[in-house]
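Notes follow the structure.
No value in this document is a laboratory result; all are computed from the given coordinates. These numbers come from a predicted model, not from an experiment. Please note: Cβ atoms are built from the backbone with ideal geometry, for glycine as well, and neighbour counts cover all protein chains shown.
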Amino acid sequence: MKTNTLLLFVSFILVLTFSSFTEKKNNSTNKFVVVLDAGHGGKDPGNMGNGYKEKDIALKVVLSIGKALEKNPNIEVVYTRKSDEFIDLFVRGKIANKAKADLFVSVHCDSHTSQAYGAGTFVLGLHRNNTNFEVAKKENSVILMEDNYHQNYAGYDPNSPESAISIMMGMEDYLDQSIQVASLIQKNFVGKLKRKDRSVKQAGFIVLHQTVMPSVLVELGFLTNKKEGAYLNSKKGQQDMATSITDAILEYKKSIEQNVAHVHFEDEVLDIPNAKDEVYNDITFKIQIAASSKSLETKAYNFKGLRDISKEKIGSLYKYYYGATSNYTRVKQLEAEAQNKGYKSSYIVAFKNGKKISLSEALKR
Ligand SMILES: [Zn+2]
């Protein structure tokens with residue numbers, strides 16, 4: 001792997017992330033903002049399995065989802081495109097970040113040389129196998145059609161698995177919520193529509209990486225499959241799939257509003273180990289468990305029973321931390337506790353004089 005390329009790409013992402021934080025909030029309402037992203041468009045038709053056009057099917061499904069969601073006065077729908085036009089991937093992310101969206105849903109159709117079929121939903125992550133990488137590669141390769149893609153993605157190469165892996169670094173904040181949305185979508189595809197379940201999977205999609213909110217990418221099915229292609233190209237198929245996604249979005253909205261208040265918690269007795277050599281006097285370690293545009297009370301019932309939660313506002317985003325200690329041994333235990341509670345992507349962060357510093361810097365004597 002070229003370290004330069006990786007560093008460049010990561011810095012590009014950081015710049016993108018922070019520039020979105022500093023933008024003035026233009027969504028002053030308390031509406032739940034959903035960004036709907038129809039894949040491809042314009043000079044990029046997407047896949048053309050059986051002669052069907054991915055870009056058209058994705059757009060029709062997205063417009064249908066939007067139309068249904070807009071009936072709800074508490075929801076604001078933002079589209080990355082409403083017509084047949086080419087939109088750069090990084091611009092799609094920018095639109096979502098600027099809208100301070102609560103959720104980003106990208107809609108696509110898959111293709112394969114076999115008669116593979118079925119519906120799947122992706123969240124950003126490390127592709128654990130080659131099949132998932134191939135899906136991300138197909139969707140990411142659109143940047144090769146963009147002007148200045150070398151500049152905009154800092155030399156990122158969609159054909160390299162290593163390059164795709166690098167885009168994961170540090171961006172797992174919304175994984176839990178993204179997985180929740182993806183699971184609800186799959187539940188409807190499979191339960192209501194009896195589509196073949198290709199499940200919730202992780203892969204390195206650039207478009208998901210550009211957003212700072214829970215984000216999913218739906219592969220409605222395979223246009224290359226004779227039967228499924230015809231279904232997805234039909235009005236009924238598009239309506240069915242759109243309704244499934246709409247219902248899942250509404251269900252997700254409801255669940256985050258309820259804030260999982262029913263989760264019970266036990267009083268925990270914290271046993272402090274006496275590992276003196278692991279204490280860093282001027283450093284405070286915490287576990288970052290979540291980041292959200294929503295301000296939640298730091299009550300245990302909002303955090304799966306975890307107590308000692310603190311929050312910090314950075315730009316438009318609230319970061320939530322568990323625990324606070326100068327003892328590195330202790331913070332590793334706290335990290336394990338957070339992960340056991342379900343915060344699978346939580347991690348240790350370090351502060352010096354109230355300022356966040358890198359963990360490696362903190363651990364320097
Ligand atoms: Zn696509």
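Other residues lying with their Cβ under 14 Å from the Cβ of Q238 contribute a combined charge of +3, Lys and Arg counting +1, Asp and Glu -1. Please state, as a whole number in µm²/s, the translational diffusion coefficient that the Stokes-Einstein equation yields for segment 276-362 at 25 °C and 0.890 mPa s, with Rh defined as the Kirkwood radius across alpha carbon pairs. It comes out at roughly 187 µm²/s. In this structure, the pairs whose alpha-carbon distance is over 28 Å, taken from K55/K226; K98/K364; K201/K304, are K98/K364. Straight-distance candidates among the lysines for linking to K100, with alpha-carbon spacing under 18 Å and chain neighbours fewer than 8 residues away dropped: K24, K25, K31, K253, K294, K313, K319.
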